[in-house]
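None of the figures in this text is laboratory data; all of them are computed from the coordinates on show. Worth saying up front: this structure is predicted, and the values here are computed from it rather than measured. Don't worry about glycine lacking a Cβ; one is built from the backbone with ideal geometry, like all the others, and counts go over all protein chains shown.
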Amino acid sequence: MLRAKAEAPAVARMLSDPDPGVREDAAGALAGLGGPDQFDAVAALLKDPDPDVRSAVVHACWNLGKEKSMKEVSGLLADPNHEVRQAALVTLGRPEGRESLPAVLEILATDPEQKVRIVAMRAAGNVEDPSIAQRLIPYLEDEDSQMRQSAAMALVKLKPKEAVPALLSRLGDTEHPVRSMAIAALAAIGDVST
């Protein structure tokens, strides 16, 4: 982290360094300042040719301007690099990310990379919008155990009573992490007799 905002202009010049690692470090250092005046310069790197830089800059943008970053970062959901899409989903998967929820759910349903869909499931749950529970419950039956576990994890946060039958069926899952997360979701939902 930089000691003083006075150092920011010198570090900002490093955002155009030919070395991708230096560009990543400069964006991270500027994000550490927390100054929204550096947001535009750092956000320009969301179009960097290096996917590692784009991934790192997603987090720096969040630190510099939460509301502005949501709009800028949502464009990366179509990035050709799956790690960049995952980084974008982590940023969008926050309670502040409700506007991006339709795009997150679209990625969950259609992305060709299973890892990205799993991160999308977690992001959807992190937004904490109970209205999406019905769209997440079917993923408890997914063939991939990580997806089933992530669906149960999302339901822990959403606490939908209508998920109880599907969660009860996961208590017999072949994978321990899925069973454990189903138990956690059922505990979070609590008494459904009322």
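Some notes on this structure:
- Largest GNM mean-square fluctuation across 131, 100, 180, computed for the chain with C-alpha springs under 10 Å, falls on 131.
- Cα-projected label distance for residue 98 with residue 144, points at 7 Å along beta-carbon direction, nm: 2.9 nm
- Highest mobility in the GNM of the chain, judged by mean-square fluctuation with C-alpha springs under 10 Å and restricted to 73, 116, 11, is found for 11.
- Each Lys and Arg adds +1 at its Cβ and each Asp and Glu adds -1 at its Cβ; summed about the Cα centre, the chain shows a dipole of about 540 debye.
- Based on Cα contacts under 8 Å between residues 6+ apart, region 1-74 shows a relative contact order of 28 percent.
- Cα→Cβ-extended label distance, 7 Å offset, between residue 7 and residue 176, nm: 4.5 nm
- Projecting the Cα atoms of 15, 187, 81 onto the dipole axis of the chain, where Lys and Arg carry +1 and Asp and Glu carry -1 at the beta carbon, places 187 farthest toward the positive end.
- Charged-residue dipole, Cβ positions (Lys, Arg, Asp, Glu), region 125-180 about Cα centre, Debye nearest 20: 260 debye
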